[in-house]
Every structure is written in structure tokens, then in C-alpha cells.
Amino acid sequence: MTPSPRSTDPLRRSLALTGCWAAALGIALIWFARSRVDRPVYVSELGADGEPTAALFEVALLLVVAAGACVAWAGRGIRSSLPALRAWSVSTSIGAASVLFLVASQVPCTAGCPLPVGSAATVQDAVHTSAAVVGFGAACVAMLQAACASGRRALRLLSSVCGVAVAGIAATGGLLSVAGVATDVGGWLELIATSIAISWLMVFGATSAFEAGRWAGAGAPVRRRRTTADTSA
């Protein structure tokens with residue numbers, strides 16, 4: 001017998017709220033770690049080999065990973081109404097981002113976080129950078145999927161703004177890093193993009209916690225219920 005949505009709501013709600021708290025603690029630790037560094041750095045440099053903030057940053061990333069896993073499970077079944085983004089659920093994108101950030105947390109960049117090209121780059125740097133960049137991309141896709149799903153208009157609008165903002169801000173910071181100019185600005189831009197993405201995860205998690213029934217099956221085609229007239233026809 002399939003359990004009713006009502007019977008699964010408490011578990012869904014508990015996991016979603018657990019994810020929200022984990023995300024909030026994770027972002028607080030990231031900002032705390034940044035406050036302990038008195039030079040321009042990109043977010044990944046907080047966890048680079050040899051950095052005094054490395055252990056703290058790893059804990060922060062693992063909290064964000066755990067938050068993503070909890071929220072992804074709680075928000076399962078939500079899909080975009082756009083065919084191009086409907087092939088997989090929002091939870092799948094969040095889960096993929098979580099896995100990639102897990103890799104990034106366990107494979108930190110080397111001292112200085114050099115770009116994965118050039119003589120200073122290593123395989124370790126390439127793995128870390130690739131995981132972080134693709135993870136950001138997956139998070140942006142999740143936001144855009146949520147922006148096109150059925151549900152609260154406010155959350156759709158917030159998801160649209162956050163998705164575009166994270167993609168634009170993170171890309172600008174990345175380009176500054178590649179160009180090797182204004183790295184102090186680029187580092188802050190990356191931190192802001194990270195903060196927006198984690199904050200969106202918290203809002204999405206809270207929505208999943210309190211509107212699980214309303215969101216269940218969101219974006220799925222609506223089937224017309226058969227009536228007595230249809231049966232007798």
C-alpha cells in the first residue's frame with residue numbers, strides 16, 4: 001500500500017528544515033573563515049592546502065553538501081514546466097551539485113589555488129576547479145528549473161533572480177581570475193554568488209517543508225478526472 005502524502009509530510013518537513021539549518025550554519029562558517037583572512041582570496045582559497053582556515057572551510061562545505069542532500073530529498077518530484085528543463089527534477093540538479101561540492105571539499109586546491117592551466121597547475125587543482133565550476137552550474141540549473149515550476153509566484157521570481165545573479169556574478173568573478181586582474185573584486189563576487197546560492201537553497205528547503213503537498217508533482221501534466229458521463233459514453 002502506498003503511503004499517503006500526509007503520512008510522509010513530517011519526514012519531508014524534518015529533512016527540509018534540517019537542510020535549512022545546515023545551510024545557514026555552512027554559510028555562517030564560510031563568512032567567518034573569510035573574516036580571518038586579511039588578503040584578497042577566492043572562496044576556494046579558504047580551503048587550500050596549508051591555509052589556516054582549511055579545516056573550517058571543509059566543515060562548512062560538508063554542511064552545505066548535507067543541506068543539499070536533505071533539501072533535494074524533501075523537494076523531490078518538483079519539475080520545470082519547460083520541456084528543455086523537464087527531463088530531470090529540481091532535486092536531481094541539487095543532488096548533482098551536492099555531489100560535486102563534496103568532491104571539491106575532499107579535493108582542495110593547492111596553495112594559492114592556481115588555475116587548472118599553466119605550469120603551476122596540478123591534477124588536484126583541475127579536479128577541484130572542475131567540480132566547483134560544474135557544481136555552480138548545476139545549482140544555477142536547479143534555480144532556473146524551480147523558476148519554471150508550478151508553485152508560489154514569489155518563489156518562482158526569487159529563483160529566476162537568484163539563478164541569473166549567481167551565474168552572472170560567478171562568471172564575472174571567474175573571468176577576473178582568469179585575466180588576473182581585480183582579484184580582490186573577483187574574490188568578493190565569488191563569495192556573494194556562493195552566499196546567494198546557499199540562501200536560495202534555504203528558501204527552497206523552507207518551501208518544501210511547509211508546502212510539500214502543494215509542490216508534490218509540480219510541473220507534471222494535469223490529467224482530467226474521468227466523470228460518470230465519460231464512463232457511460
- Query: Can you find a residue in the stretch 154-175 that is modelled with pLDDT of 75 or more, among the polar types (S, T, N, Q), more than 17 Å from L85 (Cα to Cα) and open to solvent by less than 40 Å² (accessible area, probe 1.4 Å)?
  - Reply: no
- Message: Of everything in the stretch 114-134, what is open to solvent by less than 50 Å² (accessible area, probe 1.4 Å) and of a type outside the set (V, I, T)? Give them in sequence order.
- Response: P114, A121, D125, A126, H128, A131, A132
- Message: Step by step: first the residues of the stretch 29-55, then only those that are open to solvent by 40 Å² or more (accessible area, probe 1.4 Å) and in contact (Cβ under 8 Å) with a residue 24 or more places away in the chain, then the one that is nearest to A131 (Cα to Cα). Which residue is that?
- Response: D49
- Task: Would you be able to say whether some residue in the stretch 208-229 is at pLDDT 85 or above and either among the small types (G, A, S) or out of contact with any Lys or Arg (no Cβ under 9 Å at 6 or more places or on another chain) (or both)?
- Result: no
- If you go through the stretch 135-150 one residue at a time, do you hit one that is without any contact (Cβ under 8 Å) to a residue 60 or more places away in the chain, surrounded by fewer than 18 Cβ atoms within 10 Å (Cβ to Cβ) and either in contact with a helix residue (DSSP H, G or I) (Cβ under 7 Å, 6 or more places away or on another chain) or of a type outside the set (G, A, S) (or both)? no
- Query: Taking interchain pairs and intrachain pairs at least six residues apart, which have beta carbon atoms under 6 angstrom, with the first residue in the stretch 3-28 and open to solvent by 60 Å² or more (accessible area, probe 1.4 Å) and assigned to a helix (DSSP H, G or I) and the second modelled with pLDDT of 90 or more and of a type outside the set (V, I, T)?
  - Reply: T18/C70; L25/L63
- Item | Qualifying residue in the stretch 88-100 (condition: of a type outside the set (D, E), more than 17 Å from the chain's Cα centre (by Cα) and farther than 17 Å from A193 by Cα) | no
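The values are calculated or read from the model by the stated rules, or taken from the named source; none is laboratory data. Worth saying up front: this structure is predicted, and the values here are computed from it rather than measured. Cβ atoms come from the backbone with ideal geometry, glycine included; neighbour counts cover every protein chain shown. SASA here: full protein model, heavy atoms, side chains in, ligands and nucleic acids out. Shrake-Rupley method; radii C 1.70, N 1.55, O 1.52, S 1.80 Å.
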